[in-house]
Amino acid sequence: MKTLLVTGGAGFIGSNFIRMMLVKYPDCRIVNVDALTYAGNLKNLRGIEKNPNYVFVKADVRDRKRMDDVFAEYGVDKVVHFAAESHVDRSITDPEVFLTTNVLGTQVLLDTAKKYWKTEPDNNHSREYKPDVKYLQVSTDEVYGALGKDGMFTETTPISPNSPYSASKAGADLLVRAYGETFGLPFNITRCSNNYGPYQFPEKLIPLMIHNCLRGEPLPIYGDGMQIRDWLHVSDHCEAIDTVLTKGRPGEVYNIGGNNEKANIDIVRLIISQTGASESLIRYVADRPGHDRRYAIDNTKITAHLGWKPKYTFEKGIHETINWYIDNKDWVENIISGDYRTN
Ligand SMILES: NC(=O)c1ccc[n+]([C@@H]2O[C@H](COP(=O)([O-])OP(=O)(O)OC[C@H]3O[C@@H](n4cnc5c(N)ncnc54)[C@H](O)[C@@H]3O)[C@@H](O)[C@H]2O)c1
């Protein structure tokens, strides 16, 4: 049986990914390593705890000894590294943990994978690895910085991050690339646009706006609300990651996006109209420092070379997502109250 190590599997995208993979590959064991920071919530994985192919390990990816133990105990074949500090606003108030988790945590995983996967781990000149091993770094389009009115990010767009979050993700990407160049580690990097869907922590735009609309609370909009993001349903992102994991050429970067550019204010208006809330709840607040104006992904490489394409239209995805948050108010309340940290 093959073993896939998923880090950060109690977060938004990681939990959606684990759910999908357990169904898709019934002969694969998934080891979920998560430190359960404020963003980690085991309720995102409710229902699968008893699956015999699923193992949860509460551990910090920065902890070299614990990562070594995980590789030794479970014989990991592949890694999908989601675990990260992921909220830009938090990176502006407290950048340090972004650097230690996102950069140094990545380095610990790279070192551990190299140690367990190299056929001659102590020989720096050997580039031979066990068959079928791969390290996949889940990154973000934010490493490319911001676009003007035109253009799209391709895989060769220069890295030019603008926030401590995106700088830490860019640093991690460069380390992954360097381990490929220097040690021959088989890797892929995926850079995806903004995700939406079930189990997203309610500090992020879409779940926050749905929650506030449902409660009749103010809807804070940064600046003029005209920041443009390229939205992708989380299940399309998860399918794309699996596509890269199984078919991606080692050493390659793949951008992931759904050709779905929307201004933040238009997303908020859509949520207002579907939830029946009032436009008078909108409050324009001071813009986020360094706020990127526009992101857009050119997804030609992954669609043309690997055959992936998104299944969701934005209209279907956002409709289902709003309904999910309406049907799962207990999940949201559990987070807002802080109870998810204790039970
Ligand atoms: N959300 C998006 O729109 C988006 C888009 C592109 C890429 N990404 C990337 O995808 C990944 C997952 O994003 P998300 O939105 O699911 O994040 P999230 O914040 O919802 O989840 C992060 C998870 O990582 C865990 N974690 C944090 N620090 C850890 C540590 N030191 N050791 C072990 N676990 C730790 C948390 O407990 C949490 O479960 C991130 O790497 C992010 O950069 C996210």
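With the condition kept exactly as written, say whether any residue in region 260-267 is part of a helix (DSSP H, G or I), under 22 Å from Lys134 (Cα atoms) and of a type outside the set (Asp, Glu). Show your work before the answer.
Going residue by residue through region 260-267, those that are part of a helix (DSSP H, G or I) are 264-267.
Checking the rest, the ones that are also under 22 Å from Lys134 (Cα atoms) come to none.
Scanning region 260-267 turns up no residue that is part of a helix (DSSP H, G or I), under 22 Å from Lys134 (Cα atoms) and of a type outside the set (Asp, Glu).
Looking only at strands (runs of 3 or more DSSP E) that fall completely inside region 13-98, which ones have 2 or more residues that are within 13 Å of the ligand (Cβ to nearest atom) and closer than 30 Å to Gly290 by Cα? Break it down into steps so the answer makes sense when it comes.
Numbers: elements: 28-34, 54-58, 78-81.
The strands (runs of 3 or more DSSP E) meeting that bar are 78-81.
Which residue out of Asp292, Asp287 is closer than 26 Å to Met226 by Cβ and surrounded by fewer than 19 Cβ atoms within 10 Å (Cβ to Cβ)?
Working: Asp292 fails: surrounded by fewer than 19 Cβ atoms within 10 Å (Cβ to Cβ).
None of the other options fit; the residue is Asp287.
Which residue, of Leu270, Leu245, is more than 30 Å from Ile326 (Cβ to Cβ) and either open to solvent by 40 Å² or more (accessible area, probe 1.4 Å) or in a helix (DSSP H, G or I) (or both)? Walk me through how you get there before you give the answer.
Details: Leu270 fails: more than 30 Å from Ile326 (Cβ to Cβ).
When all the criteria are applied, what remains is Leu245.
Is it true that Val176 is of a type in the set (A, V, I, L, M), part of a helix (DSSP H, G or I) and in contact with a Phe, Trp or Tyr (Cβ under 6 Å, 6 or more places away or on another chain)?
Judged against the criteria, Val176 is a match.
From the residues in region 110-166 that are of a type in the set (Val, Ile, Thr) and surrounded by fewer than 14 Cβ atoms within 10 Å (Cβ to Cβ), which one is farthest from Gly14 (Cα to Cα)? Can you show your working first?
To start, the set of residues in region 110-166 that are of a type in the set (Val, Ile, Thr) comprises 112, 119, 133, 138, 140, 143, 154, 156-157, 159.
Next cut, surrounded by fewer than 14 Cβ atoms within 10 Å (Cβ to Cβ) only: 119, 156.
Values: Thr119: 29, Thr156: 26 Å.
The extreme case among them is Thr119.
Could you say which residue among Val138, Val143 is closer than 28 Å to Val76 by Cβ and in a strand (DSSP E or B)? Even if it seems obvious, please write down each step before you answer.
On the way: Val143 fails: in a strand (DSSP E or B).
Answer to the selection: Val138.
Say we look at region 295-319 and pick out the residues that are touching a Gly at 6+ places or on another chain (Cβ under 8 Å) and more than 21 Å from Asn188 (Cβ to Cβ); which of these is most open to solvent (accessible area, probe 1.4 Å)?
Narrowing region 295-319 to residues touching a Gly at 6+ places or on another chain (Cβ under 8 Å): 296-299, 306, 310, 312, 314, 317.
Filter once more, keeping what is more than 21 Å from Asn188 (Cβ to Cβ): 296, 312, 314, 317.
Numbers: Ala296: 0, Tyr312: 59, Phe314: 7, Gly317: 0 Å².
Filtering first and then ranking leaves Tyr312.
Results for (1) modelled with pLDDT of 95 or more; (2) charged (D, E, K, R); (3) more than 10 Å from the ligand (Cβ to nearest atom), shown as yes or no for each residue.
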| residue | (1), (2), (3) |
| --- | --- |
| Phe183 | yes, no, yes |
| Phe187 | yes, no, yes |
| Ser193 | yes, no, no |
| Leu205 | no, no, no |
| Arg229 | no, yes, no |
| Leu232 | yes, no, no |
| His237 | yes, no, no |
| Asn259 | no, no, yes |
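From the residues in region 1-12 that are more than 24 Å from Asn194 (Cα to Cα) and open to solvent by less than 10 Å² (accessible area, probe 1.4 Å), which one is nearest to the ligand (Cβ to nearest atom)? It would help to see each step written out before you state the result.
Kept after step one, since they are more than 24 Å from Asn194 (Cα to Cα), are these residues of region 1-12: 1-4.
Within this subset, residues satisfying the condition of being open to solvent by less than 10 Å² (accessible area, probe 1.4 Å) are 3-4.
Numbers: Thr3: 18, Leu4: 16 Å.
Out of the qualifying residues, it is Leu4.
Between a first residue in region 161-175 that is more than 13 Å from Ala84 (Cα to Cα) and a second residue that is open to solvent by 10 Å² or more (accessible area, probe 1.4 Å) and at pLDDT 95 or above, which pairs have beta carbons less than 6 Å apart while being 6 or more apart in sequence or on different chains?
Matching pairs, first to second residue: Pro161/Ala167; Leu175/Gln107.
Of the numbered conditions (1) in contact with a Phe, Trp or Tyr (Cβ under 7 Å, 6 or more places away or on another chain); (2) of a type in the set (Lys, Arg); (3) under 30 Å from Arg294 (Cβ atoms), Lys130 satisfies every one except a single condition; which is it?
(3)
For region 211-239, how many residues are part of a helix (DSSP H, G or I) and farther than 23 Å from Arg293 by Cβ?
10
Report yes if some residue within region 282-303 is under 27 Å from Pro161 (Cα atoms), without any contact (Cβ under 8 Å) to a residue 24 or more places away in the chain and touching a helix residue (DSSP H, G or I) at 6+ places or on another chain (Cβ under 6 Å); otherwise report no.
Going residue by residue through region 282-303, those that are under 27 Å from Pro161 (Cα atoms) are 284-303.
Narrowing the set further to residues that are without any contact (Cβ under 8 Å) to a residue 24 or more places away in the chain leaves 303.
Imposing the further condition that a residue be touching a helix residue (DSSP H, G or I) at 6+ places or on another chain (Cβ under 6 Å) reduces the set to none.
For region 282-303, residues under 27 Å from Pro161 (Cα atoms), without any contact (Cβ under 8 Å) to a residue 24 or more places away in the chain and touching a helix residue (DSSP H, G or I) at 6+ places or on another chain (Cβ under 6 Å): absent.
Enumerate the pairs (first residue in region 66-91 and open to solvent by less than 30 Å² (accessible area, probe 1.4 Å) and at pLDDT below 95; second residue anywhere and of a type in the set (S, T, N, Q) and assigned to a helix (DSSP H, G or I)) with beta-carbon separation below 8 Å, excluding pairs fewer than 6 apart on the same chain, so at least 6 apart or on different chains.
Listed pairs, sorted by first residue: Val88/Ser166.
The values are calculated or read from the model by the stated rules, or taken from the named source; none is laboratory data. Keep in mind the model is a prediction, meaning the values are calculated, not measured. Every residue, glycine as well, gets a Cβ built from its backbone with ideal geometry; the counts of neighbours run over all protein chains shown. Just so you know, the surface numbers come from the protein's heavy atoms only, side chains and all, with ligands and any DNA or RNA stripped out. Shrake-Rupley method; radii C 1.70, N 1.55, O 1.52, S 1.80 Å.
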